[in-house]
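The block underneath contains the structure these notes are about, expressed in structure tokens.
The values are calculated or read from the model by the stated rules, or taken from the named source; none is laboratory data. Bear in mind that the values here come from a model prediction, so they are computed numbers and not experimental data. Reconstructed Cβ throughout: ideal geometry from the backbone, glycine too, with neighbour counts over all protein chains shown.
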Amino acid sequence: MRLGVSEDYLATGTERHDENAVLIEAEISLRLDEREEAARLYGEALQQATTSDEQARALAGLGQLAYREGKPREAIARLEEARSVGRVDLADHPGWADTLGRAYASVDQLDAAVSLFESSLRSAEERQDAVEAIRFAVLLANALIDKTDFDAAEQLLGRILELTADSNDPVVRARLYWSQSRLAAAQEDHHRAARYARHALDLLELTEHTYYTAQAHQLLAHIELDRQHPRDALDLLEKGLTMLADNGTPVDVALFKLEEARALIQLDRPEEAASLALEANGLLTDASPYDSGRGYSVVADVYLELGDTSKAIELYELAADRMSSHPSRYLMETYEKLAALLEGDGRKDEALGVLKKAVAVQTQPA
């Protein structure tokens with residue numbers, strides 16, 4: 001009798017090293033961000049899969065790859081199919097849960113993202129896995145901020161502070177500062193937001209995690225623009241985009257371009273801003289309706305600066321429609337600008353209706 005063989009050998013007389021080897025190669029290629037090679041290998045692994053586990057791993061890999069390429073809806077479809085085919089408990093696959101939750105959040109399915117992050121956080125805490133608990137606590141806090149559930153986000157960030165009190169990992173602490181900065185910015189406390197973002201940036205610049213460093217630059221640039229400091233913002237965006245290089249998704253690049261367009265408007269360079277904002281919107285087509293709505297609002301600002309009010313009205317309406325499911329200061333400002341233009345165009349009844357929507361956003365509890 002041959003010892004040390006797998007169940008596959010006992011059942012069929014052959015080993016199935018090829019399929020597993022291909023999956024391992026695919027997973028390594030994905031980790032190294034060799035996307036074209038990863039796509040080829042995952043496709044090959046999916047065709048060769050003979051078990052539900054192998055099929056699920058290949059589908060999940062293709063989903064993670066789709067998310068990195070700025071295709072969150074495709075990522076959701078692939079990862080949910082992997083979950084179904086493999087009868088997978090995502091608590092056993094935190095990387096899959098991370099990507100699936102981010103994908104849901106990026107297309108404004110925030111309830112699905114929150115539910116997934118909450119269950120993943122509970123599982124990590126039950127396993128006493130502090131690293132994964134911190135990961136999902138940060139992801140959950142950011143999703144709650146996006147839902148404008150600031151009280152819950154603040155309570156969670158307090159818990160994360162306790163979890164990371166003894167942590168010497170700069171990336172862990174930087175992620176926490178980043179979440180705190182986003183919370184402060186959402187509450188329009190720009191001084192505190194900038195302070196936390198700078199803490200995150202200082203920590204990340206000491207590490208080799210350039211993707212997170214780039215993201216911190218983008219966040220700090222956003223805050224500087226809210227504080228009317230466009231030149232500082234452009235310097236941050238230039239540095240951050242260089243760091244992002246090939247590691248960012250199309251959505252990441254689009255958000256950088258959107259912030260750059262905002263800076264150019266503040267610097268009275270509307271034609272350049274229009275070109276960048278339209279380019280950003282093209283990259284955001286398959287992404288978050290809220291982010292693409294913000295993009296259309298920026299483009300509308302540009303057309304307003306150029307004196308084309310009819311085009312500005314059209315774009316503000318489109319922007320408001322895209323952002324309507326996500327009440328925020330930006331949505332309220334879009335309504336107010338749209339109402340002013342409609343009133344100036346003699347469309348007072350329409351302007352009044354839009355102003356009522358703006359008031360509803362302003363008075364909605366956070």
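Is there a residue in region 1-24 that is of a type in the set (D, E, K, R), at pLDDT 50 or above and part of a helix (DSSP H, G or I)?
Initially, region 1-24 is screened for residues of a type in the set (D, E, K, R), giving 2, 7-8, 15-16, 18-19.
Restricting the remaining residues to those that are at pLDDT 50 or above gives none.
No: region 1-24 contains no residue that is of a type in the set (D, E, K, R), at pLDDT 50 or above and part of a helix (DSSP H, G or I).
Check residue 114 against each of (1) of a type outside the set (Phe, Trp, Tyr); (2) at pLDDT 80 or above; (3) not in a helix (DSSP H, G or I) and name the one condition it does not meet.
(3)
Restricting attention to region 112-130, and to residues there that are under 17 Å from residue 142 (Cα atoms) and out of contact with any Gly (no Cβ under 7 Å at 6 or more places or on another chain), which single residue is surrounded by the most Cβ atoms within 10 Å (Cβ to Cβ)?
Just the residues of region 112-130 that are under 17 Å from residue 142 (Cα atoms), to begin with: 112-122.
This time we only want the ones that are out of contact with any Gly (no Cβ under 7 Å at 6 or more places or on another chain), so: 112, 114-115, 118-122.
Working: 112: 17, 114: 21, 115: 15, 118: 17, 119: 16, 120: 26, 121: 23, 122: 13.
Among those residues, the one meeting the criterion is 120.
Would you mention how many residues in region 40-74 are under 20 Å from residue 102 (Cα atoms) and part of a helix (DSSP H, G or I)? Please lay out each step first, then the result.
Applying the first criterion (under 20 Å from residue 102 (Cα atoms)) to region 40-74 yields 56-74.
The next check asks that each one be part of a helix (DSSP H, G or I); those that pass are 56-68, 72-74.
Looking only at that region, the number is 16.
If you take the residues of region 210-238 that are surrounded by fewer than 18 Cβ atoms within 10 Å (Cβ to Cβ) and within 24 Å of residue 169 (Cα to Cα), which of them is modelled with the lowest pLDDT?
By that ranking, first place goes to 210.
Quick check on residue 33: is it assigned to a loop (DSSP other than H, G, I, E, B), out of contact with any Asp or Glu (no Cβ under 7 Å at 6 or more places or on another chain), within 30 Å of residue 254 (Cβ to Cβ) and at pLDDT below 90?
On the way: assigned to a loop (DSSP other than H, G, I, E, B): yes; out of contact with any Asp or Glu (no Cβ under 7 Å at 6 or more places or on another chain): no; within 30 Å of residue 254 (Cβ to Cβ): yes; at pLDDT below 90: yes.
The answer is no for residue 33.
Name the residue that is surrounded by the fewest Cβ atoms within 10 Å (Cβ to Cβ), counting only residues in region 310-366 that are acidic (Asp, Glu) and assigned to a helix (DSSP H, G or I). Walk me through it before giving the result.
Taking region 310-366 and keeping what is acidic (Asp, Glu), we get 314, 317, 321, 333, 336, 343, 345, 349-350.
Restricting the remaining residues to those that are assigned to a helix (DSSP H, G or I) gives 314, 317, 321, 333, 336, 343, 349-350.
Numbers: 314: 14, 317: 18, 321: 13, 333: 15, 336: 18, 343: 16, 349: 9, 350: 17.
Among those that are acidic (Asp, Glu) and assigned to a helix (DSSP H, G or I), it is 349.
Of all residues in region 78-87 being more than 13 Å from residue 102 (Cα to Cα) and either outside any helix (DSSP H, G or I) or among the hydrophobic types (A, V, I, L, M, F, W, C) (or both), which is nearest to the chain's Cα centre (by Cα)?
Out of the qualifying residues, it is 82.
Is there a residue being over 25 Å from residue 234 (Cα atoms), modelled with pLDDT under 90 and not β-branched (Val, Ile, Thr) anywhere in region 342-352? Give the steps one after another, and end with the answer.
In the first step, residues of region 342-352 are kept if they are over 25 Å from residue 234 (Cα atoms); the result is 342-352.
The next check asks that each one be modelled with pLDDT under 90; those that pass are none.
Checking region 342-352: not a single residue is over 25 Å from residue 234 (Cα atoms), modelled with pLDDT under 90 and not β-branched (Val, Ile, Thr).
Here is a check on your reading of the model: is residue 307 surrounded by fewer than 24 Cβ atoms within 10 Å (Cβ to Cβ), without any contact (Cβ under 8 Å) to a residue 24 or more places away in the chain, not in a helix (DSSP H, G or I) and not assigned by TED's automatic domain parsing to the domain that holds residue 184? Walk me through how you get there before you give the answer.
Details: surrounded by fewer than 24 Cβ atoms within 10 Å (Cβ to Cβ): yes; without any contact (Cβ under 8 Å) to a residue 24 or more places away in the chain: yes; not in a helix (DSSP H, G or I): yes; not assigned by TED's automatic domain parsing to the domain that holds residue 184: yes.
Against the criterion (surrounded by fewer than 24 Cβ atoms within 10 Å (Cβ to Cβ), without any contact (Cβ under 8 Å) to a residue 24 or more places away in the chain, not in a helix (DSSP H, G or I) and not assigned by TED's automatic domain parsing to the domain that holds residue 184), residue 307 qualifies.
With the condition kept exactly as written, say whether any residue in region 264-284 is outside the structural domain of residue 197 (by TED's automatic domain parsing), within 21 Å of residue 334 (Cβ to Cβ) and modelled with pLDDT under 80.
There is at least one residue in region 264-284 that is outside the structural domain of residue 197 (by TED's automatic domain parsing), within 21 Å of residue 334 (Cβ to Cβ) and modelled with pLDDT under 80.
Taking residue 320, is it aliphatic (A, V, I, L, M), farther than 22 Å from residue 255 by Cβ and outside the structural domain of residue 104 (by TED's automatic domain parsing)? Show your work before the answer.
Numbers: aliphatic (A, V, I, L, M): yes; farther than 22 Å from residue 255 by Cβ: no; outside the structural domain of residue 104 (by TED's automatic domain parsing): yes.
No, not satisfied.
Going residue by residue through region 189-198, is there one that turns out to be under 18 Å from the mean Cα position of the chain (by Cα) and among the aromatic types (Phe, Trp, Tyr)?
Narrowing region 189-198 to residues under 18 Å from the mean Cα position of the chain (by Cα): 197.
Now restrict to residues that are among the aromatic types (Phe, Trp, Tyr): none.
Among the residues of region 189-198, not one is under 18 Å from the mean Cα position of the chain (by Cα) and among the aromatic types (Phe, Trp, Tyr), which makes the answer no.
So which of 92, 53 ends up being modelled with pLDDT under 85 and surrounded by fewer than 18 Cβ atoms within 10 Å (Cβ to Cβ)? Please lay out each step first, then the result.
Working: 53 fails: modelled with pLDDT under 85.
Result: 92 is the single residue among 92, 53 that is modelled with pLDDT under 85 and surrounded by fewer than 18 Cβ atoms within 10 Å (Cβ to Cβ).
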